[in-house]
Amino acid sequence: MTARRARPAAVLLVGCGKMGSALLAGWMRKRIAGPFHVVEPSPSRRIRGARFYATPERLPRTLNPAAVVFAVKPQAFDAVLPHYRRFADSGAAMLSIAAGKTLGGMGRLLGANATLVRAMPNTPAAIGRGITVACAGPTVSKRARTLCEALLGAVGEVAWVEDEALLDPVTAVSGSGPAYVFLLIESLAMAGEAQGLAPDLARRLAIVTVAGAGELARVAAETPAQLREAVTSPGGTTRAALDVLMAEGGLTRLIREAVAAATRRSRELAQ
């Protein structure tokens, strides 16, 4: 007797901007689930194979998704979510990547017994190199959690926290972190120009050096501190630079203060 194949898990994506389209492309590339239905009033591009709808009212009445993923702007969150409560009532996993929007806020809009997951991705998801941290509500089953992890994992690595409050420092480190790295690249390139390098060469050196160092840190057995020490010869050029960067009030302190400021702001936005 031939074993019956499991039915594919339909997924409804609400919002298809930069992060939403990155997720959708990842799902289709890795064939995570499907079919895919997308509600987006004005899509910048239509990804082939997904079904697009301008409003939730145009969704098929028979649609019964396994998951609804909200990739909408935080300011639109409260107005958008109530339109999808019927899917929460039918047991779909309701996964939000809206910054600052809590599980409690989702519950007020979708029902306290809804299957709720909140996640914080970052922009390298656009090239499949992101990292997302997720937190599951109390009613999330193992099956729903596995599906959400697969959906998020289509664009990079996934980690989970049990304490939702930790998503605020997560936002400050990985959610906002790409901007810090881009600033480092800008600053390193400008510093090279100040020492006489041509702008194009300085920018190229900065970008490739940061990208290569990041990849080395990702794959190496050594810690970042050990890798730093391996590059730093006593009395050498790197040591001279690190004496400035690691001085009191230098880069280490500035990064700590920056992450603390972003964490405070994340908590303010969640209130």
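Figure legend. Inter-residue proximity from the range 231-252: first residues under 18 Å from T209 (Cα atoms), second residues surrounded by 10 or more Cβ atoms within 10 Å (Cβ to Cβ) and of a type in the set (D, E, K, R), beta-carbon distance below 8 Å, spacing 6+ or different chains. Indicated pairs: T232/R239; L242/R228.
Residues in the range 64-85 that are in a loop (DSSP other than H, G, I, E, B) and surrounded by fewer than 16 Cβ atoms within 10 Å (Cβ to Cβ) were compared, and the one that is farthest from the chain's Cα centre (by Cα) is N64. Residues in the range 47-75 that are under 24 Å from M120 (Cα atoms) and free of Cβ contacts under 8 Å to residues at least 24 places away in the same chain: Q75 only.
Take the residues of the range 236-255 that are among the β-branched types (V, I, T) and surrounded by 11 or more Cβ atoms within 10 Å (Cβ to Cβ): which is nearest to the chain's Cα centre (by Cα)? Only one residue fits best here, namely I255.
Taking the residues in the range 86-105 that are out of contact with any helix residue (DSSP H, G or I) (no Cβ under 7 Å at 6 or more places or on another chain) and either polar (S, T, N, Q) or over 21 Å from G153 (Cα atoms) (or both) as candidates, determine which candidate is surrounded by the fewest Cβ atoms within 10 Å (Cβ to Cβ). Selected residue: S90.
L216 passes every criterion in (1) surrounded by 13 or more Cβ atoms within 10 Å (Cβ to Cβ); (2) of a type in the set (A, V, I, L, M); (3) in a helix (DSSP H, G or I) apart from (1). Taking the range 219-235 as the range and being outside any helix (DSSP H, G or I), more than 30 Å from the chain's Cα centre (by Cα) and surrounded by 11 or more Cβ atoms within 10 Å (Cβ to Cβ) as the test, only T232 passes. Give me the residue from the range 32-46 that is aliphatic (A, V, I, L, M) and at pLDDT below 95 and, out of that set, farthest from P124 (Cα to Cα). Residue satisfying both the conditions and the ranking: A33. Among the residues here, R29 does not qualify as at pLDDT 95 or above, outside any loop (DSSP other than H, G, I, E, B) and among the basic types (K, R). So for the range 192-204 (the condition being modelled with pLDDT of 95 or more and under 25 Å from R264 (Cβ atoms)), does at least one residue qualify? Checked against the condition, which is being modelled with pLDDT of 95 or more and under 25 Å from R264 (Cβ atoms), the range 192-204 yields no hits at all.
Of all residues in the range 163-190, how many are hydroxyl-bearing (S, T, Y) and under 27 Å from P138 (Cα atoms)?
Our first condition is that a residue be hydroxyl-bearing (S, T, Y); within the range 163-190, this holds for 171, 174, 176, 180, 187.
From what's left, under 27 Å from P138 (Cα atoms): 171, 174.
The total comes to 2.
Each residue in the range 195-208 was checked for being within 16 Å of A241 (Cα to Cα) and surrounded by 15 or more Cβ atoms within 10 Å (Cβ to Cβ), and 1 pass. Of the helices (runs of 4 or more DSSP H) entirely within the range 111-194, those holding at least 1 residues that are surrounded by 13 or more Cβ atoms within 10 Å (Cβ to Cβ), among the charged types (D, E, K, R) and in the same structural domain as A71 (by TED's automatic domain parsing) occupy 142-153. There is at least one residue in the range 57-80 that is farther than 22 Å from G153 by Cα, among the basic types (K, R) and touching a strand residue (DSSP E or B) at 6+ places or on another chain (Cβ under 9 Å).
The values are calculated or read from the model by the stated rules, or taken from the named source; none is laboratory data. Given the structure is predicted, the values throughout are model-derived calculations rather than measurements. Cβ coordinates were reconstructed from backbone atoms using ideal geometry, including for glycine residues, and neighbour counts include every protein chain displayed.
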